[in-house]
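Undergrad: After the structure tokens below, expect a handful of questions from me.
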Amino acid sequence: MRYQRKLRFLDPFDLQYLFRFACGLDPDAGKKLINHLKRLPGGDTFAILCILEQTGDVNDIMDSVKDLCSRDVKIQRGDSALLQRSTTQLLEIASKNDISISCLNLEYSSIKFDGDTMMLQSGIYLPILPTVEKVHIAGSNAETITEKDILNLFRYGIKCRRIKELVFEGCLLPLTFSSESNPANMQSRVIK
């Protein structure tokens, strides 16, 4: 009984390897841990790491993926390579299983482009996500997005079949765009 009181005050982030290990050992315990983590502030990112450690019933895993993808999924500059890779894997699982990804939040400083392929600052490529509905690019200190990056973001968005919105926040956009920046196949789709 006295251990339960002490355990209540432990920060799961301090014990992430233990939590992830437990998720991999016992599917029932993993499901309970993931549900607990999702209720904590900032727990979604930790839950992503635990989901990928899970074994057992695929339906339980898919339920967790659906739940996380129904909210904003964030990839930030300060995220570790492990977290960025795990988040990318979770997004790929969602897309391959036709699970909608409501919103992908990216920091502009955390992405670069190799042609129209998006790469995270860690060097991990962000695959085309056919089921993403919204991509939100957040800048800091009014960063200026180049016309070339806008064009690459548009091209990336076109490849995502369900995309409805491309949002830029805290970014300075070019004052004018060349006709090349607005691809014809983007004009035929209703994308905000």
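The values are calculated or read from the model by the stated rules, or taken from the named source; none is laboratory data. Everything numeric here is computed off the predicted structure, so don't read it as measured data. Using ideal geometry, Cβ is built from the backbone for each residue, glycine included, and neighbour counts are taken over all protein chains shown.
Undergrad: Could you check segment 107-125 and list, in sequence order, the residues that are of a type in the set (Asp, Glu) and assigned to a loop (DSSP other than H, G, I, E, B)?
TA: Hit for segment 107-125 is Asp116, nothing else.
Undergrad: Looking at Ile137, is it in contact with a strand residue (DSSP E or B) (Cβ under 8 Å, 6 or more places away or on another chain), farther than 28 Å from Ser64 by Cα and of a type in the set (Val, Ile, Thr)? Don't jump to the end; show me each part of the working.
TA: Details: in contact with a strand residue (DSSP E or B) (Cβ under 8 Å, 6 or more places away or on another chain): yes; farther than 28 Å from Ser64 by Cα: no; of a type in the set (Val, Ile, Thr): yes.
Here the answer is no, as Ile137 does not meet what is asked.
Undergrad: To continue, here is another question. Residue by residue through segment 155-192, note down the ones that are touching a strand residue (DSSP E or B) at 6+ places or on another chain (Cβ under 7 Å), hydrophobic (A, V, I, L, M, F, W, C) and either at pLDDT below 70 or surrounded by 16 or more Cβ atoms within 10 Å (Cβ to Cβ) (or both).
TA: Residues satisfying the conditions are Cys160, Ile163, Leu166, Phe168, Cys171, Ile191.
Undergrad: Identify all residues within segment 21-76 that are among the acidic types (Asp, Glu) and over 18 Å from Ile99 (Cβ atoms); write none if there are none.
TA: Asp26, Asp28, Glu53
Undergrad: Here is a list: Ser70, Ser64. Which entry is within 30 Å of Ser109 (Cβ to Cβ), modelled with pLDDT of 80 or more and touching a Ser or Thr at 6+ places or on another chain (Cβ under 8 Å)?
TA: When all the criteria are applied, what remains is Ser70.
Undergrad: Still on this model: Looking at segment 129-137, is at least one residue loosely packed, with under 15 Cβ neighbours inside 10 Å and of a type outside the set (Phe, Trp, Tyr)?
TA: Step one: filter segment 129-137 for residues loosely packed, with under 15 Cβ neighbours inside 10 Å, giving none.
No, segment 129-137 has no match at all.
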